[in-house]
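What follows is one structure encoded as structure tokens, with my remarks underneath.
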Amino acid sequence: MANRQLSRLLWAVFAILFVVLAYQFDDRLDMIFASRGELKVEERPGEVILRWRGGIEAPMAAKLEEAFRAHAAGQPRFVLSLASPGGQLSHGREVIRIMRRMQQTHAVDTVIEGRNVCASMCVAVYVAGGRRSADPRARFMFHEVSYRDSLNEKVSNVPEEAIARATDQMFDRFFRTAGLDPGWLADMREKIKGRDVWRTAEQLVAERSGVVQRLE
């Protein structure tokens, strides 16, 4: 009887471990497949939904500009839905530049749907939206600027002072100008030193960060 109870207990432990690992692997798959950039365009009455799933890298900027040119004449509002593990700082700047140009004549908002991830440079693109909404379960990741070799993705050996300076510049250029709470930004700037920091949209709203303006 004791052996049977022990066997049942072990099976229960294995089942729990399996569920935990499956959940984590599902998150990993999300990040792997999100690295393959793809833009889907959906027209609705009064708006165009631009769903980008992939890294913040080419051809994202070109695809957004192409979609805007194709639909700008008939629609007053564009909504950029993001699911991205992050990407290149330089390309993120180009994407934001195109969004700013679109916003001269149209409403351009951003959203994170479902449990989608918006990590790293994706957050900078997200907060460039005029109105920012997200599912409560949507996940955001913040970290310091990283320097990676474009060929092999290895992290370059860069002095901490240079990383800190580049990160401060990123916060000033993208986050402060988007109207995020200064106190929250200062606290997050400290938290990300040497590590990744994750928040759900619900947590960001509860913290009054200003990143997410409305939960869907």
**Message:** Debye calculation, C-alpha points only, no solvent: report log10 I(q)/I(0) for segment 61-178 at q = 0.10 Å⁻¹, in the same order as the q values.
**Reply:** -0.34
**Complete:** Full extension between R101 and A206 adds, at 0.36 nm per residue less the Cα distance, a length in nm of 34.6 nm
**Prompt:** Once phi is turned into θ = phi - 60°, what whole-Hz ³J(HN,Hα) does the Karplus curve with 6.51, -1.76 and 1.60 give for every residue of segment 132-140, x standing for Gly and Pro?
**Reply:** 10, 10, 6, 5, x, 8, 4, 10, 10
**Total charge dipole magnitude, segment 35-215, about the Cα centre, Cβ charges on Lys, Arg, Asp, Glu only, Debye to nearest 20** = 280 debye
**Prompt:** Between L215 and V41, 0.36 nm times their residue separation minus their Cα-Cα distance comes to what?
**Reply:** 60.4 nm
**Message:** Quick check for me: using +1 on Lys/Arg Cβ and -1 on Asp/Glu Cβ, what's the dipole size of segment 32-91 about its Cα centre, in debye to the nearest 20?
**Reply:** 100 debye
**Asked** To the nearest 0.05, what FRET efficiency results for W184 and A162 with a Förster distance of 30 Å applied to their C-beta separation?
**Response** 0.75
**Message:** What distance in nm lies between label points placed 7 Å from Cα along the C-beta direction at R69 and I192?
**Reply:** 3.3 nm
**Request:** Could you list the trypsin sites (Lys or Arg not before Pro) in segment 151-216 that lie in coil according to DSSP, counting only those with at most 14 other Cβ atoms within 10 Å of their Cβ?
**Result:** K154, K193, R195, R208
**Request:** Work out how much length E113 to R137 would gain on full extension: take 0.36 nm times their residue separation and subtract the Cα-Cα distance, in nm to one decimal.
**Result:** 7.8 nm
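The numbers here are math on the coordinates, done by the rules we state, and not lab data. Owing to the predicted nature of the structure, the values given are computational and were not obtained by experimental measurement. Because the Cβ atoms are built from the backbone with ideal geometry, glycine has one as well, and the counts that use them run over all protein chains shown.
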